[in-house]
Structures are given as structure tokens and as C-alpha cells.
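Chemist: Dropping a structure here in C-alpha cells format, bear with me for questions.
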Amino acid sequence: MTKADDLFDALGRIDDDLIPDLPDSMVEALPSEAEDLPDSVREAVAAEAGRGATPVLVPKRRGVGFWIRIAAGVTAAAVLAGVLLPKVLPGKKEKYMAKNLALPSYPEAVLYPDAANGYDEKFETAFRNWLDSRDKRLNQPTGYRTGFDTFFRTSTSAFLEDKENKNLIYSPLSLYIALGMAAETSSGNTRQQILNLLGESEISTLREHEKSVFIANYVNDGAGKCVLGNSVWLNIDLPYVEDTVKALSEGYFASVYSGDPTSEKYEQELRDWINAQTDNLLSDAIDNVNMDKNLLMMLVSTVNFSAHWKNSFNSADTKRSTFQAPGNKTVECDFMNAQEDLPYYAGENYTATELPFENGSSMRLILPDKGVDVQDLLQDEGFMKDLLNINFAYRGGSALVELSLPKFDITSESDLIPKLQALGITDAFDATKCDLSSITTSSDSVSITQVKQDVRVMIDEEGCKGVAVTMIAAAGVAAITRTEKMVLDRPFIFEIVSDAGMPLFVGVVNDPTA
């Protein structure tokens, strides 16, 4: 199946008028294998799919080729597993029914009003209620994102470091939440090393901040979508600490399950859960997700973001042109073109603009100056600080930007263990030092054996759709005074920011055709 086929398949699920035989929601579109699952697990998967598995759009648009009017979306999943080493667990029985140990209560929001009947008094009242609900969600305690900001500055340049000129994408929010759950399940120096990387000194403070981050970014109100989902998959033959299970559910909104890791059924339940959370867009990667027979636990964290461009590109203006890839390589690709009033900032060694989505989130586009390498820019501390600035591109005022942006469908696969070790997390990967005593009372030696992130992001005239999975085997605008041209025909950086101002994804496009 080609990338275009994948995109068409994914986008086709968004509008039921185009493909009538497809269901309206992921609740009705669970994988066929779900029929073979235990009722308890199927119901849990369906419930979580129902709270955000399918993009919820503002009133439909009509026109030829409507299927390509996609929501901008980014989905990220982080999976963390601690594996028992070297002892093999004794005789297994077929205990494939996952036991639900905890199911969280997710944040609720007022739905964006439907304007199908016009902007009457009823709509205005509903709109004010929606605004109040949004403001309440974004009004989190002062300093709640301090640790995340520290983690972002420390980790992003490391995880986007590349010597092979590949396309790279990284989801800082996904890994931040997964590592937070890892800190909750660990103790001693193992926990402290994770806390240090996450910019926190105490687990209680981290727990509070992670909860605020979750609430601030969790939204599925019809105007946009940024649905977060966490889960914990435990080995049924190992004793667990009930207080930690409670903390994971209440502080991190995690669903907690217990089952037999040697059972294909339990593995399939995990895959079904991830696919439900990520709109089935990671199915190829998820098919290869397996549980080690000595599994202690697996922590999973997903981020699913979608929103339309505020102003879509006109497909008639999309033209074929040349992109200058690294190594004096040139590739032909489709460039979307538009002239629009946008924030525009000329920083040191780069220029930047910001494309808004309908729900208040945005995609930032950063083009290094000619002769400036993307990697050099990513190593600049001042630039990394800029990426966390809510008003990043607005500092230079606005301009009539003549934008030329290549359509792309890129993937990235990374082993994160070496980078995490370099960033100070070492004990977690050493069976003689790893301490996961906060989640289990077992005396067996444990360690985290895999940390892997796979990401895919696609954009076209109407928006973007993206997916990622990380497996760790345990504004004020100044008056327009000028016109600026921005042709992203050489390696560039993009950043997708939630309406809470937090970076969900940051990536490097070296070759939009790869």
C-alpha cells in the first residue's frame, strides 16, 4: 500500500458521507478481532475509543474532493516496559482476559456549538459557555509546565540529532508523560534520575504537574482535538503495589490492566488499545508490538491531535517544484502556495512563520538561513528557548507572507536508549541497579530494555495527519508594513503547538519525498 493509499484510507474515516459503509466512530469500528476479546476489555477499549478515537470536526464543508479536507492531526504513543532479567517466570496458564485494575475519569468539556442554524442568540450563549470551558481548561496552576519546559530544552536537540540527514520527528509531550509514569513506578536513584531529566525534584510535584499538563492539553470539543491516553499493562503473576496503581490512574489518567504476557490474547488486547487510541494509523507498527515472556509492566502513553488549517491552501495553486535536500540532492515534490497575513520573525540564522489551525493551535515553520545547517540551529540554546515561546513568531510583527510549503508524508524511527543514557537516565537500563519497587514487591532483577519511537506526519492543502509510537520496553499582531517571501525548498524545522502553548511535535524535514 502506498503512502497516498494510507492517507486516503485514514482520511476516508473522517467523513461518513463519502464512504457510507464505514461507521461514524471508532466505537463502532473496533478491529474485527475485538469480537474475540473478553467483554470487559472490549468495553474498556470501546469506551476509550469513544472519547476521542475519531476526529470531531466543525460543521462540514462541501465541494469536489471533500475527502482531502482533513483535520490537522498528530498522534503520539509512548510505551514503557520493565522486563524481568534474567529469571523466566514459572509455568503459565492461558490467562488472556485482561483484568481491569483501574479506569480513570477523563476531563470533560463543553462542545463547540453547531452553527448550522445560524449565529442566533442560542448559538451566542452556547459559544460563551464553550469559551468559559476552554478558559477553565487552560487556567492551570502557575508553574505547572516548568518541568516540561526544562525537559523540552534538554531533550529535543538530543533526539533530533542526526548525522545521516534523515527526516526526524519527536513527540516531547508523549515521552514526558511516559517517563512521568516510569518515575511513579520506580524508586531510589532510578526515580531520581528520571526526575532530574523531567526537571522536577519530588515525585509529588511531578504528579501534580503531569496532571495539569494532561488537563490543559486534553480536548475533544468539536472545535479541535488533542486527546491524551495512558495505560499500564502488568504481569498477572507478579505482585503489584495498589497505591501506585491508584496514583497512576488518578494522577496520570491511566487505565491499568493485568494479564499473562505469554498469551497472544493479552498482546492483542494491548495492540487493540493502542490502535483505538491512534485511529488505527499505526497498525503496521503496532502489529510488531510484542510482550517479553518475562514482562513486568508496559506503560503506554498516546497523544492524538487534529484540527483544520484556519485558512486552507487552494489546491489549484499547488505546483511541482524542486526541493534542495542535503548532499547536493534535489527532489521534485508538490508545493502548496498561499499569500496570507501571518506572523513573521527573522531570528538569528533563521526566519519563522506560524500557520494557525481553527482551534487555536498552530504549526510553526522555521527555515534556516542559506548556509546554516539545521543541526547547528537545534544545538543553539537560544533557539530552543524560542521554540517554547508562546509568542515565538509574533515578535517580528506580521507580514503578507508569500508562503511555499512542500506537501510531505514522512516517517521517523529512533532508538532512544543511548540518548536517554547520555541525558542521565542510566540505572533504569541496568538490571543490577534498576529499582521499580514502587510498582512491584517482587525481588527479581528488573530493567527497562527498549525505548523506541516511530512517528509519521502528513500534510496537504487542508491540514495534516500524524501518528507516533514510542516504545520503552518496560497575540498581539503589528500592522502589516511589508511583504515577505518564505520558500521552504531546503531542509526546515516544523513544530506543532497545542492551544495550551505546549509543543506536541517537533521535526526536521530533510526530504519531503522520503
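Chemist: Inspect all residues belonging to the stretch 310-326 and state whether any of them is surrounded by 21 or more Cβ atoms within 10 Å (Cβ to Cβ) and either in a helix (DSSP H, G or I) or out of contact with any Ser or Thr (no Cβ under 9 Å at 6 or more places or on another chain) (or both).
Modeler: Scanning the stretch 310-326, I find at least one residue that is surrounded by 21 or more Cβ atoms within 10 Å (Cβ to Cβ) and either in a helix (DSSP H, G or I) or out of contact with any Ser or Thr (no Cβ under 9 Å at 6 or more places or on another chain) (or both), so the answer is yes.
Chemist: For the condition outside any helix (DSSP H, G or I) and at pLDDT 95 or above, what is the one hit in 161, 200?
Modeler: Just one listed residue meets the conditions, 200.
Chemist: In addition: Give the stretch 286-304 a look and list any residue that's under 22 Å from residue 456 (Cα atoms) and part of a loop (DSSP other than H, G, I, E, B), or say none.
Modeler: Across the stretch 286-304, the qualifying residues are 287, 288, 289, 290.
Quick grid of which residues meet (1) at pLDDT 95 or above; (2) of a type in the set (Asp, Glu); (3) over 20 Å from residue 246 (Cα atoms); (4) surrounded by fewer than 21 Cβ atoms within 10 Å (Cβ to Cβ):
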position: 170; (1), (2), (3), (4): no, no, yes, no
position: 174; (1), (2), (3), (4): no, no, yes, no
position: 178; (1), (2), (3), (4): no, no, no, no
position: 182; (1), (2), (3), (4): no, no, no, no
position: 205; (1), (2), (3), (4): yes, no, no, yes
position: 209; (1), (2), (3), (4): yes, no, no, no
position: 222; (1), (2), (3), (4): no, no, yes, yes
position: 228; (1), (2), (3), (4): no, no, no, no
position: 232; (1), (2), (3), (4): no, no, no, no
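Chemist: Next up: Hey, can you tell me all the residues within the stretch 373-391 that are in a helix (DSSP H, G or I) and surrounded by fewer than 16 Cβ atoms within 10 Å (Cβ to Cβ)?
Modeler: The answer is 376, 381, 382, 385.
Chemist: Here's something else I'd like to know. Can you go through 127, 148 and tell me which one is over 30 Å from residue 176 (Cα atoms), of a type outside the set (Asp, Glu) and modelled with pLDDT of 80 or more?
Modeler: Being over 30 Å from residue 176 (Cα atoms), of a type outside the set (Asp, Glu) and modelled with pLDDT of 80 or more holds for just one of 127, 148, which is 127.
Chemist: Just one of 222, 229, 251 is under 30 Å from residue 132 (Cβ atoms) and in a loop (DSSP other than H, G, I, E, B); which is it?
Modeler: Values: 229 fails: in a loop (DSSP other than H, G, I, E, B); 251 fails: in a loop (DSSP other than H, G, I, E, B).
Unique residue meeting the criteria: 222.
Chemist: Please determine, by comparing only the residues of the stretch 103-139 that are touching a Ser or Thr at 6+ places or on another chain (Cβ under 7 Å) and buried (at least 18 other Cβ atoms within 10 Å of the Cβ), which one is farthest from residue 291 (Cα to Cα).
Modeler: 110
Chemist: Let me ask you something else. Tally up the residues in the stretch 416-425 that are assigned to a loop (DSSP other than H, G, I, E, B) and surrounded by fewer than 16 Cβ atoms within 10 Å (Cβ to Cβ), please.
Modeler: Looking only at that region, the number is 1.
Chemist: Using the structure shown, decide if residue 331 is under 23 Å from the mean Cα position of the chain (by Cα), in a strand (DSSP E or B) and not aromatic (Phe, Trp, Tyr).
Modeler: no
The values are calculated or read from the model by the stated rules, or taken from the named source; none is laboratory data. Everything numeric here is computed off the predicted structure, so don't read it as measured data. As a convention, Cβ positions derive from the backbone with ideal geometry for all residues, glycine included, and neighbour counts pool all protein chains shown.
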